[in-house]
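**Student:** Can you read through this structure? Questions will come right after.
The values are calculated or read from the model by the stated rules, or taken from the named source; none is laboratory data. Given the structure is predicted, the values throughout are model-derived calculations rather than measurements. Cβ sites come from the backbone with ideal geometry, for glycine too, and all protein chains shown count toward neighbours.
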Amino acid sequence: MKKLSPPKIDEIVDFATLSKSNTKEISEVATLLKKRGKELWIQTALADDLRHQQVGDKVTYVVNQNINFTNHCIGSCRFCSFNYTNNKDNLKSKRLSLEDIRLETEKAKARGCTELCIQGGLDPEIDFDFYLDLLKLVKNAAPNIHIHAFSPSEIAYMSRISGEAVVDVFKELSRNGLDSFPGTAAEILVDDVRHVICPEKISTNQWVNIVLTGHSLGLKSTATMMYGHVETLENEAEHLVLLKRMQEISKGFTEFVPLPFMHNKTVLYKYLGARPGSTGMHDLALFSTARLYLGELFSNIQTSWVKLGLKFSQISLNAGVNDVGGTLFSESITRSAGGTHGEEKTAEEFVDLIRDANRIPAQRDTLYNILKTH
């Protein structure tokens, strides 16, 4: 494979200025993240009260399906066990054809999905036209399904293989059917941490400007954070402060999704000293901190049942959370890293879970428009 040039990313913001966050603010957020014991229970109660004030008692979910279309990747992220290229002894090669993707789209349509979440590895055998053809195929097969696709890393990769600027990549994707994109590949938005966990991945600066470029074109995205590995609580606080600054600029994030590190099968845990994921107290401190610190700008805080399981996800509803994510139907990335909570849930399971938490279940679309209240 020929050597690829760097992605062409316009500077939407001067990252050096944006990242000069108030040291005091980072310290205050870190203090919230450190709460344990009785102080943590007080904090979760405050976050729950604020959640009620900001979004009421509805807990939302989306009926969606994942399509992880390739596990071939030129990347070397040390927290990833989905990459066949670096894990051939433990994985089967997966590279879906357009016909395979059409069939998956038909399944999603038959299941009543309102969203297809489409992501894959940075596959050296895939060119930019494949991504465009994929979008056109899905949109033709299911014109009413919202296409939520391609992480900032994938967008950067498309820029590299096409030679087009990121803004033009987004424009072409949007013209061919892209409706929004996942704010994954964020991990921890601190370069010292990224140099350990994903040294060849896009930098914090690149992630910020790719996401803001998408937002500037009217495309919404999620915001994520993968935690519980080698980062400090101060690193997590810096990440949250940066997301808040970005949201003040673009108003383009639909929700914040904390994603606990799945450690079992990763190089980062086995050989590089990472922690075995987060603790339950860490999770609750982060959810409640997110609501207290981000809630005014991020109305929606989502729990990841794929990572945490349904029982703990239900508990998180008392710590500022108001969304339980999607049905997924086919989830490969967490499972490949050792996740044990399954790859799909039904809407009925979500409804029962939410009702048992004394909250009101509501089905939403990707952009948080309420479709049905139970």
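**Student:** Out of all the residues in segment 177-206, which are over 19 Å from residue 294 (Cα atoms), within 13 Å of the chain's Cα centre (by Cα) and not small (Gly, Ala, Ser)?
**Tutor:** Across segment 177-206, the qualifying residue is only 181.
**Student:** Something else: Just checking, how many residues over segment 293-327 are more than 13 Å from residue 61 (Cα to Cα), among the polar types (S, T, N, Q) and surrounded by fewer than 24 Cβ atoms within 10 Å (Cβ to Cβ)?
**Tutor:** Residues in segment 293-327 being more than 13 Å from residue 61 (Cα to Cα), among the polar types (S, T, N, Q) and surrounded by fewer than 24 Cβ atoms within 10 Å (Cβ to Cβ): 2 in total.
Let's see how each residue does on (1) acidic (Asp, Glu); (2) surrounded by fewer than 16 Cβ atoms within 10 Å (Cβ to Cβ); (3) at pLDDT below 85:
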site: 6; (1), (2), (3): no, yes, no
site: 13; (1), (2), (3): no, no, no
site: 52; (1), (2), (3): no, yes, no
site: 65; (1), (2), (3): no, no, no
site: 83; (1), (2), (3): no, no, yes
site: 86; (1), (2), (3): no, no, yes
site: 90; (1), (2), (3): no, yes, yes
site: 97; (1), (2), (3): no, yes, no
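**Student:** To continue, here is another question. Do the conditions hold for residue 308, that is, is it farther than 12 Å from residue 228 by Cα, at pLDDT 95 or above, of a type in the set (A, V, I, L, M) and under 17 Å from the mean Cα position of the chain (by Cα)?
**Tutor:** So residue 308 passes the test.
**Student:** Which is modelled with pLDDT of 95 or more, part of a loop (DSSP other than H, G, I, E, B) and under 30 Å from residue 146 (Cβ atoms), of 210, 202?
**Tutor:** 202 is the lone residue from the list that is modelled with pLDDT of 95 or more, part of a loop (DSSP other than H, G, I, E, B) and under 30 Å from residue 146 (Cβ atoms).
**Student:** Looking only at segment 347-373, how many residues end up being closer than 20 Å to residue 116 by Cβ, of a type outside the set (Lys, Arg) and free of Cβ contacts under 8 Å to residues at least 40 places away in the same chain?
**Tutor:** Number satisfying all stated conditions: 1.
**Student:** Looking at this structure, is residue 290 at pLDDT 95 or above, under 18 Å from residue 210 (Cβ atoms), surrounded by 24 or more Cβ atoms within 10 Å (Cβ to Cβ) and under 17 Å from the mean Cα position of the chain (by Cα)?
**Tutor:** Details: at pLDDT 95 or above: yes; under 18 Å from residue 210 (Cβ atoms): no; surrounded by 24 or more Cβ atoms within 10 Å (Cβ to Cβ): yes; under 17 Å from the mean Cα position of the chain (by Cα): yes.
No: the conditions fail for residue 290.
**Student:** Right, next: Confirm whether residue 233 is of a type in the set (A, V, I, L, M, F, W, C) and within 16 Å of the chain's Cα centre (by Cα).
**Tutor:** no
**Student:** Going through segment 226-243 one residue at a time, which ones are in a strand (DSSP E or B) and touching a residue at least 60 places away in the same chain (Cβ under 8 Å)? Break it down stepwise before answering.
**Tutor:** Within segment 226-243, the subset in a strand (DSSP E or B) is 226-227.
Within segment 226-243, just 226 meets the criteria.
**Student:** May I pose another question? Restricting to segment 106-118, give me the number of residues that are in a helix (DSSP H, G or I) and surrounded by fewer than 19 Cβ atoms within 10 Å (Cβ to Cβ). Steps first, answer last, please.
**Tutor:** Of all residues in segment 106-118, those in a helix (DSSP H, G or I) come to 106-110.
With surrounded by fewer than 19 Cβ atoms within 10 Å (Cβ to Cβ) added as a condition, the list becomes 106-107, 109-110.
Within segment 106-118, residues that are in a helix (DSSP H, G or I) and surrounded by fewer than 19 Cβ atoms within 10 Å (Cβ to Cβ) number 4.
**Student:** Only one of 149, 141 is of a type in the set (Gly, Ala, Ser), within 21 Å of the chain's Cα centre (by Cα) and at pLDDT 95 or above; which?
**Tutor:** The conditions single out 149.
**Student:** Residue under question is residue 101, and the condition is that it be at negative phi, modelled with pLDDT of 95 or more and within 20 Å of the chain's Cα centre (by Cα); does it hold?
**Tutor:** Values: at negative phi: yes; modelled with pLDDT of 95 or more: yes; within 20 Å of the chain's Cα centre (by Cα): no.
No, not satisfied.
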